[in-house]
Amino acid sequence: MITIENLNVYFNKGTPDENHALKNINLTINKGDFITVIGSNGAGKSTLYNAISGTIFPTSGHIYLDDEKREITFDKEYKRARYIGRIFQNPLLGTAGKMSLEDNMMICSKKGWKGLTISLNNKTRRNFKEQLERLDMGLENRLNDNVSQFSGGQRQALTLLMAVMSKPKLLLLDEHTAALDPTNADIIMRLTRDFAKEYGLTVMMITHNMKHALEYGNRLLMMDGGEIIMDVSGAEKNNLTMDDIVERFRQIKKKDLANDQMVLQTN
């Protein structure tokens with residue numbers, strides 16, 4: 001569904017501050033995949049998302065969409081937004097706080113129902129209420145309230161629902177529960193799993209919660225130093241334990257320390 005070939009991203013290339021943020025990434029994201037993505041800060045996770053969504057362009061390499069491999073490597077972000085959704089850690093980023101709930105949902109509907117003219121009438125409002133009832137947060141009774149009045153958990157749940165309604169080919173979740181309290185985080189994760197299953201979504205989810213990384217999805221990626229160092233799925237992923245993940249991180253740190261010492265010895 002998304003094919004990434006030999007993708008490299010440099011920042012400040014050719015300067016003393018050069019950073020090789022993504023190193024020869026090769027990745028196939030299959031339709032229906034739910035991929036959890038883990039790695040320490042600076043591993044390249046968000047840079048990979050930025051390259052997929054068009055926020056940044058790669059230095060080299062290619063990104064293709066769908067089976068016919070239509071190249072989208074240098075498509076602008078607003079063009080990719082038609083088929084790639086993204087939810088960020090900050091619950092305030094996914095909705096327009098100064099607009100009413102029904103206006104937010106209208107904007108989402110116009111994006112999702114391509115080629116159709118959507119009008120705000122009683123039928124549309126009934127549909128919105130039916131969708132909102134699934135969140136079990138009482139938002140179906142607050143269509144005229146400005147979204148700024150909602151809690152962080154309510155806004156993130158609404159962002160998730162709106163992303164699903166827009167029918168993306170790929171949904172990128174960028175630590176979308178990290179800013180929430182445990183109760184709301186569990187609600188958002190349950191909704192994420194339910195929506196992904198019901199709508200056959202293709203999902204990538206960055207998380208620092210190892211429990212979530214193991215419990216959710218059919219596939220797990222680990223990144224370090226701009227590279228994908230683990231890609232497991234099926235029985236191999238199901239058999240992973242928290243200790244396995246911790247041990248892999250420990251090996252990475254030992255390797256990084258050894259490399260640092262080698263650099264110091266050669267200087």
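The values are calculated or read from the model by the stated rules, or taken from the named source; none is laboratory data. Bear in mind that the values here come from a model prediction, so they are computed numbers and not experimental data. As a convention, Cβ positions derive from the backbone with ideal geometry for all residues, glycine included, and neighbour counts pool all protein chains shown. Just the protein is used for accessible areas: all its heavy atoms, side chains included, with ligands, DNA and RNA removed. Shrake-Rupley method; radii C 1.70, N 1.55, O 1.52, S 1.80 Å.
Per this entry, GLY200 is not counted among residues that are within 23 Å of THR47 (Cα to Cα) and modelled with pLDDT of 90 or more. Sub-8 Å Cβ pairs linking a first residue in the range 177-195 that is without any contact (Cβ under 8 Å) to a residue 60 or more places away in the chain to a second residue that is of a type in the set (Lys, Arg) and surrounded by fewer than 21 Cβ atoms within 10 Å (Cβ to Cβ), at least 6 apart or interchain, are LEU191/ARG134, ordered by first then second residue. Screening ASP145 with (1) open to solvent by 10 Å² or more (accessible area, probe 1.4 Å); (2) under 26 Å from LEU120 (Cα atoms); (3) under 12 Å from the mean Cα position of the chain (by Cα); (4) not small (Gly, Ala, Ser) gives one miss only, at (3). Considering the range 51-66, and only residues there that are without any contact (Cβ under 8 Å) to a residue 60 or more places away in the chain and either over 16 Å from LYS13 (Cβ atoms) or touching an Asp or Glu at 6+ places or on another chain (Cβ under 8 Å) (or both), the residue that is surrounded by the most Cβ atoms within 10 Å (Cβ to Cβ) turns out to be GLY54.
Can you name the residue in the range 236-267 that is among the polar types (S, T, N, Q) and modelled with pLDDT under 70 and, of all such residues, is nearest to LEU214 (Cα to Cα)?
It comes out as ASN259.
Contact map, the range 120-144: first residue over 21 Å from PHE195 (Cβ atoms), second residue surrounded by 13 or more Cβ atoms within 10 Å (Cβ to Cβ), Cβ cut-off under 6 Å, separation 6 or more or different chains; pairs are LEU120/MET106; ASN144/SER100.
Could you list, in sequence order, the residues of the range 161-205 that are surrounded by fewer than 20 Cβ atoms within 10 Å (Cβ to Cβ), of a type in the set (D, E, K, R) and closer than 18 Å to THR36 by Cβ? The answer is GLU175, ASP186, ARG190, ARG193, ASP194, LYS197. Given the structure, is LEU92 of a type in the set (A, V, I, L, M) and either modelled with pLDDT under 90 or over 30 Å from GLU227 (Cβ atoms) (or both)? It is true that LEU92 is of a type in the set (A, V, I, L, M) and either modelled with pLDDT under 90 or over 30 Å from GLU227 (Cβ atoms) (or both).
One residue is enough: does the range 226-240 have a residue meeting the conditions touching a residue at least 60 places away in the same chain (Cβ under 8 Å), aliphatic (A, V, I, L, M) and under 28 Å from ALA163 (Cα atoms)? Yes. Applying the criterion of at least 1 residues that are among the small types (Gly, Ala, Ser) to the strands (runs of 3 or more DSSP E) found wholly in the range 1-120 leaves 19-29, 60-65, 84-87.
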